[in-house]
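Here, each number is a calculation from the coordinates, and none is a lab measurement. Worth saying up front: this structure is predicted, and the values here are computed from it rather than measured. Every residue, glycine as well, gets a Cβ built from its backbone with ideal geometry; the counts of neighbours run over all protein chains shown.
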Amino acid sequence: MKTLPMIDTVPPPPAQARRVVDPPARTAAGPYRAYKAAPFLREEREHTTLLCGGLHWRAERLAQGALENLGYQVQILPTATREDLLTGRELADIGQCSPTSFTTGNLVNVLREKTHELGAEAVSKRFIYFTFGSCGACRFGQYHQSYELALRSVGLESFRMFLCGQGDGGKEPVPGGGLEFDGPFSLGLVWAIVLSDVVQDFEYQTRPFEVKAGETARVAKEAVEYLYEVFRRMPDRGKTVGALAWHLSTRYFTTAMREVRRRFDAVEVDRLRVKPVVKLTGEFYVQTVEGAPNYNIHRWLEAEGAEVYPAAISIWIDYLLRFAGQDAEDHIGIDRYARLKLAGIHVGQGLLRWTYGRMRRAMGGVPHALPDQYELRRLAAPYFNSRLSGGEGDMLVGKALWAHQQKKAHMICELSPYACMPNTMSIGAMAAVTGKYPDLLYAPLELKGDSEVHALSRCQMILTEAKKRAQREYEAVLDLVGLTPEQLASRVTPAMRRSTYKVPRPGAAAGTAANFALHLAVGGR
Ligand code: SF4
């Protein structure tokens, strides 16, 4: 019998998936040298564009306004995509964590496009990259090396990148003086982050309940554009002490936030929709961005019927201050200035929290308050050493327990990047936590960038349970107050239909509908 030829059923890979550049050289001609950027001169500032990104779009836009106010030309990188992930994997260390691959590929792809347009020399002269970094225990300390390796591979070895150390607050001066990490620079960025966090939190508390689909997103976009202008037009506020005094005492930002509140006032909501609250925790980058690096988890959860409790960047700043304070605590009796440093850090934390509280109040008190860092540390202490750095450290465990015990959420969704050592440790610690608290709904998702169905289906299983829990909680409240859903609905006043109406959350229930029902039962008091 004649043998049939083998039929190849696997289609050839699409053209764009093929390798586009040669792999990096595997042998080195000289010894390794740490990356050192060529100087960025003060006189270059006006005609050099600062590329930056890696946060959510609101924070990026407001930070852009704050930097433009200081005379910098700023361009925000687009949110990283799957294509960027593939480029990052192709050009830098293969074993790196997924945020490194995403951000490396993102930078390279943007620069490659600019190089096609302008040529490598012009790109190296006219653009610089600015990012945060550290010498941390994890890959965060090696981002620069990844970027450098990738840029060398695409012929952009003279491209300049500058790092603002997250641990030292950017004390290292940038050679050439083009970038000044001074008072107005740092304060502008911190205030941009605080205001964008407050807007983001408000937006995520509103969208799941909006009556007219798309209204929240539209108003949020307008509000962020308005705040961008507010930051871009900030008055001259002096250097260090003068700048700090102005930021703390001015009503410039609270007035702006009241205007944002006025715009959100028109968004009508129905808070009697029963939805599980899902608290996002995890590694900084994947819990912050909204896009492919975390499978667009914020939007996916909302589409599945959840209310998302996002991770504020201000909490991360508060954590970094607490971490620095711990170092001072450990040096009491060794370093004569340790107590003074600790007191200074506590003042810094107090001012950050006070500022966040001011912006929250300007938004009618609707956005969530920041959790107390020392409470998080206390909760996490039996499971995770507070001195271990990298990732979110003990805060990840502390936040999960805080959200569960204080009824802030029905479920915790932890976003863990592929190949992330600190998150692997946290997940290990969470095994002990869930052993002790078996009713804590916990969905740790490994984010590789290319295994979406696997991660989301895992999340969906826990989310199904969270939905049942939210429904049971709501029904228990109805039993308690002795009212039907129709009777509750009849008590909703026009003011309560506004997104800016604050529903008290005394801690008896996690769900918005359950809390609103309790509030309606006592006559909206
Ligand atoms: S915390 Fe994990 S994902 Fe983030 S930079 Fe460090 S190793 Fe990478």
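Each Cα pair under 8 Å and six or more residues apart adds its separation to the average, and for the chain the resulting relative contact order is 16 percent. Only helical runs count toward this figure. For the chain, summing -39,500 (n - 2.57) over DSSP H runs of n ≥ 4 and dividing by all residues gives -16000 deg cm²/dmol at 222 nm.
Evaluated at q = 0.09 Å⁻¹, the base-10 log of the normalised Debye intensity for the chain, with identical point scatterers placed on the Cα atoms, takes the values -0.70. Using 0.36 nm per residue and subtracting the Cα-Cα separation, the extra length available between Val347 and His116 on full extension is 78.2 nm.
Mind giving me the FRET efficiency for Ile334 and Lys221? R0 is 56 Å, r the Cβ-Cβ distance, nearest 0.05 is fine. Computed FRET efficiency for Ile334 and Lys221 comes out at 0.65. Can you tell me how the stretch 35-181 classifies by the Cα gyration tensor, rounded, prolate or oblate, using a/c under 1.5 as the rounded cut? Rounded, since a/c falls under 1.5.
Take every DSSP beta bridge whose two residues both sit in the chain; close to 10 percent of them are antiparallel.
Label points 7 Å out from Cα along the Cβ direction at Asp270 and Arg126: separation in nm? Here the answer is 5.2 nm between the modelled labels. Put a dot 7 Å past the Cα of Arg491, heading toward its Cβ, do the same for Ser451, and the two dots end up 4.8 nm apart.
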